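Novice: Input: one structure, supplied below.
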Amino acid sequence: KDKYNYSLSVLWLYHKWLDNQPERTNEYGGNWFSKTVKTITEWDGNRQLSEETIADFEQFLSLIDHLQSYEAQINLEKAFSLSSLGVNEKSLKQKYTIASTFTLETLSDLLKNIVYEDELILVSYKELDTRPHTVGLFKIGDNYYYYDPNAPSGEIQTTQIHEIANIILSHGSSSRVSFSVMSFDETSFPYPNQKDFLTKTNPSIDDDILI
């Protein structure tokens, strides 16, 4: 899964967003992602599959491969436009990015100011000389959803933002954590200025690493 955690997280975010829309904008709504992942992980490789299940498997793997080929976040809009993930001509736009090392207090403060409903948020962890590990973060109402493709539980749900901060820091407090906030609409939110936020929480931070 390590190789595909980016595309799995992107696809999970898309379907989390899709399942939260008043009217379905794509045939792959109705928890299609979670149902398909569950079926794939539970398949023993021998049991005969229905034609519908085979079609779901093939579509799922095709989407993962497609998104993986556009792993650079700046190309996600193009990836969605070229895939079968139709959203009634809505375009995916990157709205905010920030990256640093965080304490529990500063990370909780940041999350309170960048996590809004219906925003697709990719969170990436980076240790020196390691491949980034990417997970998804999504909000519906008062509930926060965190998805780690490598975790046995997959999706975690909580109403407490500090719990999300704790989970993120459990990957290693020395990890450089980056956030990429994306959306299919033009709604503006009061995201904090990156430089102001990072220098306020860490006055000794080097200007060269500010995003």
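The values are calculated or read from the model by the stated rules, or taken from the named source; none is laboratory data. All values reported here derive from a predicted model rather than from experimental measurement. Cβ placement follows ideal geometry from the backbone for every residue including glycine, while neighbour counts extend to all protein chains displayed. Note: accessible area is taken over every heavy atom of the protein model, side chains too, but ligands, DNA and RNA are not part of it. Shrake-Rupley method; radii C 1.70, N 1.55, O 1.52, S 1.80 Å.
Residues are listed down the side, and each one gets a yes or a no for (1) of a type in the set (A, V, I, L, M); (2) over 23 Å from PRO149 (Cα atoms); (3) modelled with pLDDT of 80 or more:
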{"position": "GLU23", "(1), (2), (3)": "no, yes, no"}
{"position": "THR36", "(1), (2), (3)": "no, no, no"}
{"position": "THR39", "(1), (2), (3)": "no, no, no"}
{"position": "GLN59", "(1), (2), (3)": "no, no, no"}
{"position": "SER83", "(1), (2), (3)": "no, no, no"}
{"position": "SER100", "(1), (2), (3)": "no, no, yes"}
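Here's the yes/no breakdown for (1) hydrophobic (A, V, I, L, M, F, W, C); (2) touching a residue at least 12 places away in the same chain (Cβ under 8 Å); (3) closer than 15 Å to ILE167 by Cβ:
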| residue | (1), (2), (3) |
| --- | --- |
| LYS93 | no, yes, no |
| ASP118 | no, yes, no |
| SER124 | no, yes, yes |
| HIS133 | no, yes, yes |
| LEU137 | yes, yes, yes |
| ILE140 | yes, yes, no |
| TYR145 | no, yes, yes |
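Novice: Quick check on this structure: which one of LEU63, LEU76 is surrounded by 15 or more Cβ atoms within 10 Å (Cβ to Cβ), outside any loop (DSSP other than H, G, I, E, B) and at pLDDT 75 or above?
Specialist: Numbers: LEU76 fails: at pLDDT 75 or above.
On inspection, the qualifying residue turns out to be LEU63.
Novice: For the stretch 143-160, which residues satisfy the criterion of being surrounded by fewer than 11 Cβ atoms within 10 Å (Cβ to Cβ) and under 15 Å from LEU8 (Cβ atoms)?
Specialist: Passing the criteria: PRO152, SER153.
Novice: Another one. What tally of residues in the stretch 145-187 results from selecting those that are among the small types (Gly, Ala, Ser), assigned to a loop (DSSP other than H, G, I, E, B) and modelled with pLDDT of 85 or more?
Specialist: Our first condition is that a residue be among the small types (Gly, Ala, Ser); within the stretch 145-187, this holds for 151, 153-154, 165, 170, 172-175, 178, 180, 183.
Now narrow it down to the ones that are assigned to a loop (DSSP other than H, G, I, E, B): 151, 153-154, 170, 172-175.
Checking which are modelled with pLDDT of 85 or more leaves us with 170.
So the answer is 1.
Novice: Out of the residues in the stretch 108-142 that are over 18 Å from PHE189 (Cβ atoms) and open to solvent by 30 Å² or more (accessible area, probe 1.4 Å), state the one that is nearest to the chain's Cα centre (by Cα).
Specialist: Once the filter is applied, the top-ranked residue is PRO132.
Novice: Just one of (1) open to solvent by 30 Å² or more (accessible area, probe 1.4 Å); (2) under 19 Å from LYS16 (Cα atoms) trips up SER180, so point out which.
Specialist: Single failed check for SER180: (1).
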